[in-house]
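See structure below.
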Amino acid sequence: MPFPVAASSASAGAFTYAVVSGPASVSGATVTVTGIGTVVLSASQAANGSYAGETQNASFTVAPETSVLTFAPIAPQSSDSIPFQVSATSASAGPVTYAIVSGPATIAGSTVTVTGVGTVVLSAIQVANGNYAAAAGTASFPVTAGFTLSATGGSTPGTLTVVPGAAAAFTLAVAPGTGTTFPDAMAFSIAGLPTGATATFSPTTIPLGSVATSVTVTIQTSSTAASVDRKRSPGSPAAPDAWSLALLLPLLGVKRVRGGLRQMRGLTLGLVAGFVLLAGMAGLSGCGSSGPNYPPEQTYTVTVTVTDIVTGAHTSTNLTLTVQ
């Protein structure tokens, strides 16, 4: 705002004031600042009596005005909130740039999109403009869960053991985080299934306006592993039968051939055939000497996700499935 200046001396001569340089104007002895910088004033006193005329200069600095950048109030949000606008204003007309300092959110221009649960801290920076200096401000808001997903039922919720080819039915609880109903429809997805397994959800989706819902996810495992060939171990009933058959072959040969060289030849041929068969059966029996080949136990971490089909907000839970 305009302000007066005054110069004095021993003389009674009249003073005239002027702006030598800088962002100001003067009218009489009243100075009006017009910008930022250094102002140089002059005061000239006319000669009077025994005093000669004289001129003196004085200077002062005009600093930029400090502005306060203030965010408009931001209401608490939930993880299923739709994107929303933020704004910060001050006395300055300088443009404002927004950024996420920390927390589960992203920002494009002045549009904030919540991406999770926690506390979001925003910053706003305003560039210097006119007589106003640059300014900065911050604001924060909490984000609560828009919905929850958890395994329920059983002594160890979310953990089941089945044999290959069997089905595992998990029970999940899905609930809105704020309010009593879901603001949008919810969809399910699953990842980490065993090879060849399939999954079904009941219900398949949660409609808009639904209350907390119990959902069953059924995982049908593959029976392929159950059909693994289990080889016989040594000492199984097949082995004695083979040995008995081999031992009978020479006797059969002896019974057919009676007398002389012809009998000897039959016996020799029978013994040779018997030993060959014995060797073959021993080789077959040895192939199973390692014991039964049962499929190994395998544990899988299966991830179930529920997603707001409008905002894309989502949450997940892990299930443990053991196939043995």
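What to note about this one:
- Residue tally, condition under 24 Å from the mean Cα position of the chain (by Cα) and either at positive phi or not assigned by TED's automatic domain parsing to the domain that holds GLY312 (or both), over segment 152-175: 1
- Boolean, THR66 is of a type in the set (Ser, Thr, Tyr), modelled with pLDDT of 95 or more and surrounded by 12 or more Cβ atoms within 10 Å (Cβ to Cβ): no
- Segment 1-24, residues that are on the phi < 0 side of the Ramachandran plot, surrounded by 14 or more Cβ atoms within 10 Å (Cβ to Cβ) and small (Gly, Ala, Ser): ALA7, SER11, GLY13, ALA24
- Filtered residues of segment 85-95 (kept if closer than 30 Å to VAL143 by Cβ and either surrounded by 14 or more Cβ atoms within 10 Å (Cβ to Cβ) or assigned by TED's automatic domain parsing to the domain that holds VAL174 (or both)): VAL86, ALA88, THR89, SER90, GLY94
- Residue that is in contact (Cβ under 8 Å) with a residue 12 or more places away in the chain and of a type in the set (Ser, Thr, Tyr), where the choices are SER67, SER8, SER50: SER67
- Single unsatisfied condition, ILE74 versus (1) over 30 Å from SER11 (Cβ atoms); (2) more than 39 Å from the chain's Cα centre (by Cα): (2)
- Matching residues in segment 26-57 - criterion: being under 23 Å from TYR132 (Cβ atoms) and either among the aromatic types (Phe, Trp, Tyr) or surrounded by fewer than 14 Cβ atoms within 10 Å (Cβ to Cβ) (or both): THR32, GLY35, THR38
- Screening segment 294-324 for residues that are surrounded by fewer than 20 Cβ atoms within 10 Å (Cβ to Cβ) and of a type in the set (Gly, Ala, Ser) and picking the one that is modelled with the highest pLDDT gives SER316.
- THR171 being free of Cβ contacts under 8 Å to residues at least 60 places away in the same chain, surrounded by fewer than 14 Cβ atoms within 10 Å (Cβ to Cβ) and not aliphatic (A, V, I, L, M): no
- Within segment 308-324, the set of residues being farther than 16 Å from GLY192 by Cβ and more than 13 Å from the chain's Cα centre (by Cα) comprises ASP308, ILE309, VAL310, THR311, GLN324.
- Selection within segment 133-147: residues that are buried (at least 16 other Cβ atoms within 10 Å of the Cβ) and over 18 Å from PHE71 (Cα atoms). The member of this set that is modelled with the highest pLDDT is PHE147.
The values are calculated or read from the model by the stated rules, or taken from the named source; none is laboratory data. Because the structure is a prediction, the values reported are computed rather than measured. Ideal geometry is used to build each Cβ from the backbone, glycine not excepted, and the neighbour counts take in all protein chains shown.
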